[in-house]
Amino acid sequence: MAIGWYLAVSAIIFCIGAVGVLVRPNPLVILLCLELMLNAANLALIAFSRMWGGPDGQVFALIVMVVAACEVTVGLGLIVAIYRRRLAIDVDELNELRG
Amino acid sequence: MSAVLFFIAAIVAIAGALGVVMLRNPFYSVLALVCHLVALAALFLLLRAEFVAAAQVVVYAGAVMVLYVFVVAYVGGTDVSAGRLTGGAERPSGALRVLAPLFGLAIAVELCIALLGTALRGISGKGAPYVLGFGTPEQIGTEFLTRYLFPFEAASLLLLVAAVGAVVLARRRRGLEPDEEPVGRPRSRPAYTGTMAEVAGLLSPGRAQRADWAAASADAQAERDRRAPEPTAPAPVAAAAPEDGR
């Protein structure tokens, strides 16, 4: 398959993730949609790595995976903290940055 | 053969992504994301990125998704907004709900223009000729420890900071949040507001204030002992009863 097909799949997945971040009010699902967008970027990176024949894209894809894991950890910690304070788990309700 | 595999994996990946966005229950969203990640690992394999595909399955679909499943099970898997959509007119996301698909469509059109109108010739080809050892753990590891040593160390530091930050964020903080009320256990209450055992000096106020289960269950025991011989209870028992009902 040509590299362009992989890039097209990556673009579609990225758009689905972006729409999901905007549409869904649940922060858990928003984190999942962020994962979708990061994975789309990963797919594009690896496709370009295949195109050039160098390992640099794969190294960056692994770094992106590490960053995604960190983001998930902190995001889920925030969600657990929100839940402990008996607040609604809804990004439309949580629109104030007040301690 | 590789074209068939590509189309199967791509369709499963896109369907999984759609499932993440469209399914109401966050639990099913997580499962759809697992499907999506496995299909994406197949795409990585087709691109000859063996090590990244293995890491994708082991780290993402294994570890990170387990974390998600635990948090979804802890927080409760229901979508909070599902029942509240009836009064959606004053929701701030009311207009966003219409505009967001348009925005997504705009990004899609833009990316399609970028893909179709690119001057990059390699996009229409199958990629560089495959050399032995491309994408193996050996090659990736060599790159990480030689040319990309600084990103590697920065990533390890980032992981450490994220782990510490998650523990700090999710730990139980006194005074910031209401007390947990576990089901089926006696609830804690201030000292000298309830039972005769405190008045009689059987329990020190410090112990009662610390609200440990031993003191609370001792309170409940004393309450039961007191209530048994005197069925028609006066006011103090009536005041204490709703607390014990929890």
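Read-outs: derived from the displayed coordinates by stated rules, not from any lab. Note that the structure is predicted; figures quoted are calculated from it, not measured. All Cβ positions, even for glycine, are placed from backbone atoms using ideal geometry, and neighbour counts span all protein chains on display.
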Review point. Separation of region B:23-54 and region B:129-148 by C-alpha centroid, Å?
Key: 23
Point to revise | Per DSSP, loop trypsin sites (Lys or Arg not before Pro) in chain A with at most 14 further Cβ within 10 Å | key: A:Arg85, A:Arg86, A:Arg98
Check your understanding: How about chain A: which GluC sites (Glu not before Pro) there lie in a loop by DSSP and see at most 16 other Cβ atoms within 10 Å?
Key -> A:Glu93, A:Glu96
Exercise for review: Over the Cα atoms of chain A, compute the convex hull volume and normalise it per residue, giving Å³.
Suggested key: 91
Check your understanding: Please report, for the Cα atoms of region B:130-172, the Rg to one decimal and the Dmax as a whole number; what are they, in angstrom?
Key -> 15.9, 53
Revision key, fill the gap. So the FRET efficiency between B:Ala119 and B:Arg172, C-beta based with R0 = 41 Å and rounded to 0.05, is 0.10
